[in-house]
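To start, the structure itself, in structure tokens.
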Amino acid sequence: MKNAIQTTVSTFGVLAGLAGIEHGVGEILQGSMAPGGLVIQSWPGSDFFTAVSGEPAMTVIPNLLVTGILAMLLSLLFIAWVTVYLPRKYSGWGMVLLSIAMLLAGAGFGPPLLGLILSAAWFLAAPAARVHAPQTGWLAYLRLPRFLAKVWRWSYYAALAAWLSMFPGSSILYYFFGVDNATLLVVLIFAAFGLLLLALLAGLAYDSRGGSPAPVQVRGGRSVPQVAVEK
């Protein structure tokens, strides 16, 4: 059974991978041609992607077709990693390496950045998160506020809604309804990253209390957190 932090990392890791695949498709459709520079547009001239500036990306590969293929393959591997291999020992480093590879191979800027943020959260959660156990060790000394454990579920869904509103939401608003508002896009970007950070912190707090928002057990005249132990 997945705990809160693993659920959050897996979900948004899949979103990062899907976004990387979308970049790759746009680059493949441009055909076997040399990029105009280190920074490229995955979807140049596309009306649907105008709201997101043609989906900027970077590549160190001198061919857009190869760039797109690699972007898709690496993004697919990232999805597999966060859904199948996440609980394993070196899964955090795997996410870091795949995120860097995605950045260099045309999978955009947002997906690799999201991957690195998720990697950092996973490093904070490990090793307890790998065995679906309550957080122990140095993480317990962070003393995350109890209210964070209570808001994990709604912050998780709010972050998911914010990311989907940013993309493809902003592109849908522009393409079908003519809404072209740079301020709205900036607000969505800040909301997406802000709510994601809140969801990750709340997930750590939730797991640190054994999956319970704030259970308390009295021992020796003092209240201490009650931690559920997995059998």
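The values are calculated or read from the model by the stated rules, or taken from the named source; none is laboratory data. Please read these numbers as outputs of a predicted model, since none were measured by experiment. Cβ coordinates were reconstructed from backbone atoms using ideal geometry, including for glycine residues, and neighbour counts include every protein chain displayed.
Filtering the range 41-55 to residues that are surrounded by fewer than 21 Cβ atoms within 10 Å (Cβ to Cβ), in contact with a helix residue (DSSP H, G or I) (Cβ under 7 Å, 6 or more places away or on another chain) and assigned to a loop (DSSP other than H, G, I, E, B) leaves 47, 48.
Of the residues 102, 95, the single one that is part of a helix (DSSP H, G or I), at pLDDT 95 or above, under 13 Å from the mean Cα position of the chain (by Cα) and within 21 Å of residue 192 (Cβ to Cβ) is 95. Whenever a residue of the range 104-118 is touching a residue at least 60 places away in the same chain (Cβ under 8 Å), its partners that are outside any helix (DSSP H, G or I), lying with C-beta atoms within less than 6 angstrom and at least six residues away or across chains, give the pairs 106/57; 106/59; 108/57.
Residues that are in a loop (DSSP other than H, G, I, E, B) and touching a helix residue (DSSP H, G or I) at 6+ places or on another chain (Cβ under 7 Å) within the range 56-87 comprise 60, 61, 86, 87, listed in sequence order. Has the range 27-40 got at least one residue that is part of a loop (DSSP other than H, G, I, E, B) and of a type in the set (Ser, Thr, Tyr)? Yes, that holds for at least one residue.
On the phi > 0 side of the Ramachandran plot and of a type in the set (Gly, Ala, Ser), is that true of residue 36? When the stated conditions are applied, residue 36 does not pass them. Screening residue 169 on (1) at pLDDT 95 or above; (2) under 15 Å from the mean Cα position of the chain (by Cα) shows it passes everything except condition (2).
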